[in-house]
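Here the structure comes first, spelled out in structure tokens, and everything after it is commentary.
The values are calculated or read from the model by the stated rules, or taken from the named source; none is laboratory data. Everything quoted here is computed from the prediction, not taken from an experiment. Neighbour counts run over all protein chains shown; Cβ positions are idealised from the backbone, glycine included. Surface areas here come from the heavy atoms of the whole protein model, side chains and all, with no ligands, DNA or RNA. Shrake-Rupley method; radii C 1.70, N 1.55, O 1.52, S 1.80 Å.
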Amino acid sequence: MQEITPEELSEQLRNGDDEPLILDIRHEADFEDWHIPGSINVDVYDQLTDDPEQTKEALSDLPRDERVVTVCAAGVVSQTATEVLQELDYDAVTLTDGMNGWSRVHRHAEVPADIDGTLIQVARPGKGCLSHVLVSHGEAAVFDPSHYLDEYETILDEYDVELVGVFDTHAHADHVSGAAELADRHGVPYYLHSRDALAIDATPVEDGETVSVGSLDIEVIHTPGHSEGSVSFDIEGAALITGDTLFHESVGRVELGVEAGIEDSDVKQNAATLYESLQRLLDRPDDALVLPAHDPGSPEPPVTATLAEVKERNDDLGRDREEFVRELAADIPDHPPNFERVKRTNVGQESVPADELAELELGPNNCAAE
């Protein structure tokens, strides 16, 4: 059985050369929730499971001048699709581990920030997640890392720097953080606001505090609303790492901590709190780069926008307080998969075996208000 790894497929899509036809055979609803950009959906999942011969008519309509990469959730049923396509004389391969494998892919690139150092953005296209590595004078800090730590170790080796701290902007709801483990591995502080570090060993950060990395000062801005312990980080006025507080075209949703049972506040109160937090960020320099923890779709790093550009693009920022609270409290999009367990894991209230982490966070992030 021929396969293609998620990393190989990512490079082909990134380079734009010899792009294959990506065939997603999952149920239509699953495809609409989350899929690889550019893929097509032919919902033959049940037929492939029950009687693969039934799928030949539907699959025979695919174009024959492209290689076909079959995709399902875990790369099992899609192997049957590949076998059927090969019987029909298609050049077909299976995506190893399916969407689960696609979720592991990371890419990184430097951010054009005007600082005495280097800022690297790490994008996870399968989850829409963004994390960052700050490098200055032989030292480094990592912000919002995924639990796939080899990606960050590779960057530290590439820039030949010593890790001095790992930061989370908040206790995430869509993916399991690797920050505490990365910090422990290097014997450095793991920084998280105390309102989100409910049962986890972390070095607390407070509003107005400054942490140094090389020659750079990182100012902590407490920006609650998405979570009670959400913070943003101002790097010398040149870059704002905003977590899930401020996205380029949206803001963080306000009910996840409440519905996960780890916050005593209510949705309207969180929306009002988020409004005040955003006002603090909007007072920062207009030319500062806004670097959130998510970007919709399949982000290609670096994903950046100046604060001035965000003010122009983001309709949420044009609402007055009353309208903002009303809209966010009423707008409850689909939840991230397993968000309750993911939140509990990230605040230290639950321990998930390493071999279950990938499946736990499988699916779209859905952390922005829509």
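Translational diffusion of segment 267-370 was estimated from the Stokes-Einstein equation, with Rh taken as the Kirkwood radius over Cα pairs; at 4 °C and 1.567 mPa s the coefficient is 80 µm²/s. Taking 11 Å as the cut-off, the amide N atoms of segment 322-356 that come nearer than this to a point 7 Å along the Cα-to-beta-carbon line of L282 belong to 322, 324. The long axis of helix 321-330 is offset from the longest Cα principal axis of the chain by roughly 30 degrees.
In a reduced charge model with +1 at each Lys and Arg Cβ and -1 at each Asp and Glu Cβ, segment 158-261 shows a dipole moment near 180 debye about its Cα centre.
Potential lengthening of the chain between I40 and K311 amounts to 94.1 nm, from the contour at 0.36 nm per residue minus the alpha-carbon distance.
When the inverse distances between all different Cα atoms of segment 155-213 are averaged and flipped, the Kirkwood radius reads 12.4 angstrom. For the chain, the longest principal axis of the alpha carbon atoms and the long axis of helix 267-282 meet at an angle near 70°. Within the listed set T80, T304, T223, the residue fluctuating most in the Gaussian network model of the chain (springs between alpha-carbon atoms under 10 angstrom) is T80. Counting only heavy atoms of the protein chains and using a 1.4 Å probe, S60 has close to 50 Å² of accessible surface. Counting only protein heavy atoms and a 1.4 Å probe, the chain has 41 square angstrom of accessible area per residue.
With all projection directions averaged, the alpha carbon convex hull of the chain covers 18.5 nm².
Each Lys and Arg adds +1 at its Cβ and each Asp and Glu adds -1 at its Cβ; summed about the Cα centre, the chain shows a dipole of about 680 debye. Summed over qualifying helices (DSSP H, 4 residues or more, each -39500 (n - 2.57)) and divided by its residue number, the chain shows a 222 nm mean residue ellipticity of -8000 deg cm²/dmol. Annotation: amide H-H contacts under 5 Å for I218 (H modelled 1.01 Å from N, sequence separation of 5 or more, or interchain): V211, S212, V213. A full extension of the chain between D65 and D184 corresponds to an added length of 37.8 nm, given 0.36 nm per residue minus the alpha carbon distance.
Estimate the FRET efficiency between E28 and A109 by the formula 1/(1 + (r/R0)^6), using the beta-carbon distance for r and 30 Å for R0, to the nearest 0.05. Each step should come with its number before you reach the end.
Values: r = 34 Å, r/R0 = 1.13.
For E28 and A109, the calculated efficiency is 0.30.
By accessible area, using a 1.4 Å probe on protein heavy atoms only, segment 1-78 has 42% of its surface on carbon and sulfur.
³J(HN,Hα) across segment 152-159 via Karplus (A = 6.51, B = -1.76, C = 1.60, θ = phi - 60°), whole Hz, x for Gly/Pro? So the J values, rounded to whole Hz, are 7, 4, 4, 5, 4, 5, 4, 9.
Note on segment 100-152: dipole from Cβ charges, positive end direction compared against L119, F143, C129; the farthest Cα belongs to C129.
In order along segment 300-314, the Karplus-derived 3J(HN,Hα) couplings, from 6.51 cos²θ - 1.76 cosθ + 1.60 at θ = phi - 60°, round to 10, x, x, 9, 9, 7, 6, 4, 4, 5, 5, 4, 6, 8, 9 Hz, and Gly and Pro are given as x. If you plug the beta carbon distance of E19 and D201 into 1/(1 + (r/R0)^6) with R0 = 51 Å, you get a FRET efficiency near 0.65. Relative contact order of the chain, taken over Cα pairs closer than 8 Å and 6 or more residues apart, is 15 percent.
For segment 28-69 and segment 97-172, what is the separation of their C-alpha centers, rounded to whole Å? For segment 28-69 versus segment 97-172, the Cα centre distance is 34 Å. Note on segment 152-285: dipole from Cβ charges, positive end direction compared against A171, Q279, G261; the farthest Cα belongs to Q279. Evaluating 6.51 cos²θ - 1.76 cosθ + 1.60 at θ = phi - 60° for every residue in segment 127-139, the Karplus couplings come out as 10, x, 8, 10, 10, 9, 10, 9, 10, 7, 6, x, 10 Hz, glycine and proline recorded as x.
Taking a quarter of the surface of the Cα convex hull of segment 144-279, what do you get in nm²? Kindly include the intermediate steps, with their values, before the conclusion.
Values: hull surface 34.3 nm².
It is 8.6 nm².
Note on T210 and A74: the model spin-label points, each 7 Å out from Cα along the C-beta direction, lie 5.2 nm apart. The H on the amide N of G75, modeled in the peptide plane, is under 5 Å from the matching H of G98, M99, each at least 5 residues off or on a different chain.
So for the chain, if I pair up every lysine 8 or more residues apart or on another chain, how many of those pairs have alpha-carbons under 29 Å apart? Provide the component values of the computation, followed by the final result.
Values: K127/K268; K127/K311; K127/K343; K268/K311; K268/K343.
Here the count comes out as 5.
Surface composition of segment 114-271: carbon plus sulfur atoms hold 39% of the accessible area, using a 1.4 angstrom probe and ignoring ligands, DNA and RNA. Between E327 and T49, the C-beta separation translates, for a Förster distance of 25 Å, into a calculated FRET efficiency of about 0.05.
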